[in-house]
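Every number in this text was worked out from the coordinates using simple rules, so none of it is lab data. The structure displayed is predicted, hence computed values, not measured ones. Please note: Cβ atoms are built from the backbone with ideal geometry, for glycine as well, and neighbour counts cover all protein chains shown.
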Amino acid sequence: MNIPKRGLSARREIHIMGSDQRIVRCARVSFAKDEKIDKERDIKLISYLYKNRHSSPFEHIIITYSASWDEYVSILERANNPAINIHYSEGYIWLNFRHFVNLISLIPQEVQTLVREKLPATFAIIEDKTPQEYSTDERFLKEKYDASCGWVGLVDKLELNSKMDTYTFIVECPLFVARQWQRHRFGSYNELSRRYTSINPEFYIPKGLRSQSESNKQASIEEFLPQEISSEILNEINSIIQQSLLLYQKMLSLNTAREIARGVLPLFLKTRFYWTVPRIALDNFLSLRLHESAQSEIREFAALIKNMVGQKDLNTLMRL
Ligand SMILES: Cc1cc2nc3c(=O)[nH]c(=O)nc-3n(C[C@H](O)[C@H](O)[C@H](O)COP(=O)(O)OP(=O)(O)OC[C@H]3O[C@@H](n4cnc5c(N)ncnc54)[C@H](O)[C@@H]3O)c2cc1C
């Protein structure tokens, strides 16, 4: 690890991934409205998130600045908050904007100044001022690839050739894939909520039905049930999905709360989430989810992600 001894004259390098709008997109995914832009409403939403401590969308903004090891340790010593996650890699301190806000009195002024420039509306809100400006994303996605059960897109990345290089993805996939994905805890997630929206439920229906593995209790094998059995079962799956959709819509039309009505939608239902993840945890995800023991649907996503951003050999750092 490169640990510089920063003198007073050394110029600090500062990098920030994200914008005011990124926070809004990660919050609006709850309503499936993350592609929408409306400056006035966006600023109100940031203020609402901040005041009501719905702060997880702030985690998708990443800040890194050159610093000495001593500066890093000094922040850790003074943080006085066991939930703080702040990292040191290749001569840089790395943290997300949520931790930044919690640690603000310990962050150097020049870093605060640049964050203020990059996130003018959000910074004004946390300083209890009226926002005058609002920063937007250059574009919604940098790259997007289809998988058989959904899609994955790269929203942004911040790369300094370190294990804390950070990536944000949007994933659309069935609920059971999302459940597997979100077991990967080193990273941040914001997901569509069927408490907020009843928008177009979409479902994944596999093309064929893989057989259960005999040797591995949780896995399938790349052998499919015979065509005539598959077609019959797939028809039944379709029909159950249609029936559950009808019941869902009936419940909503009778004013049942969305949070209850959603209970009748099967696990093939698709969801959408933002995932911001550091390289070390991304590579851990790739090595576990590219492995043949992982379910083929999530393996497909892992392969698409590897194509987009590659994989480094960081397994020795995360042996267990
Ligand atoms: C094929 C397969 C089958 C699986 N089956 C099941 C299952 O049946 N049931 C189930 O619940 N899960 C299952 N999982 C999920 C698995 O147990 C992990 O939760 C998941 O793979 C995330 O990996 P991780 O913990 O390494 O990643 P992250 O949560 O991203 O953690 C990254 C790293 O941080 C460290 N770390 C994170 N949290 C802690 C902690 N609390 N204590 C110590 N170190 C920590 C570890 O070094 C870890 O590797 C399965 C995963 C795979 C790949």
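Listed values, structure above:
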read-out	value
Charge sum, other residues only, whose C-beta stays under 10 Å from Glu35's C-beta, Lys/Arg counted +1 and Asp/Glu -1	+3
Electrostatic dipole magnitude of segment 141-320 [Cβ: Lys, Arg +1; Asp, Glu -1; Cα centre; debye, to 20]	740
Contour excess over end-to-end distance, with Cα ends at Ala303 and Ile237 and 0.36 nm allotted per residue	21.0 nm
Within the chain: Cβ-based charge dipole about Cα centre, in debye rounded to nearest 20 (Lys, Arg +1; Asp, Glu -1)	720
Point-to-point label distance, Phe186-Arg12, nm (Cα→Cβ direction, 7 Å offset)	2.6
FRET efficiency for Ala79 and Ser215, using Cβ-Cβ distance with R0 set to 45 Å, rounded to 0.05	0.40
Inter-centroid distance (Cα atoms) of segment 216-277 relative to segment 25-52, Å	29
Charge-dipole axis of segment 141-320 as Lys and Arg at +1 and Asp and Glu at -1 on Cβ define it, positive-most pick from Thr316, Gly208, Leu288	Thr316
Net charge over other residues, Cβ less than 12 angstrom from the Cβ of Arg98 (K, R count +1; D, E count -1)	0
Extension gain, Glu127 back to Asp38 (0.36 nm per residue minus Cα-Cα distance, nm)	29.8 nm
Neighbour net charge for Tyr189 - beta-carbon separation under 12 angstrom, K R +1, D E -1	+2
Gained length - Thr316 relative to Asn200, 0.36 nm times residue gap less alpha-carbon distance	37.4 nm
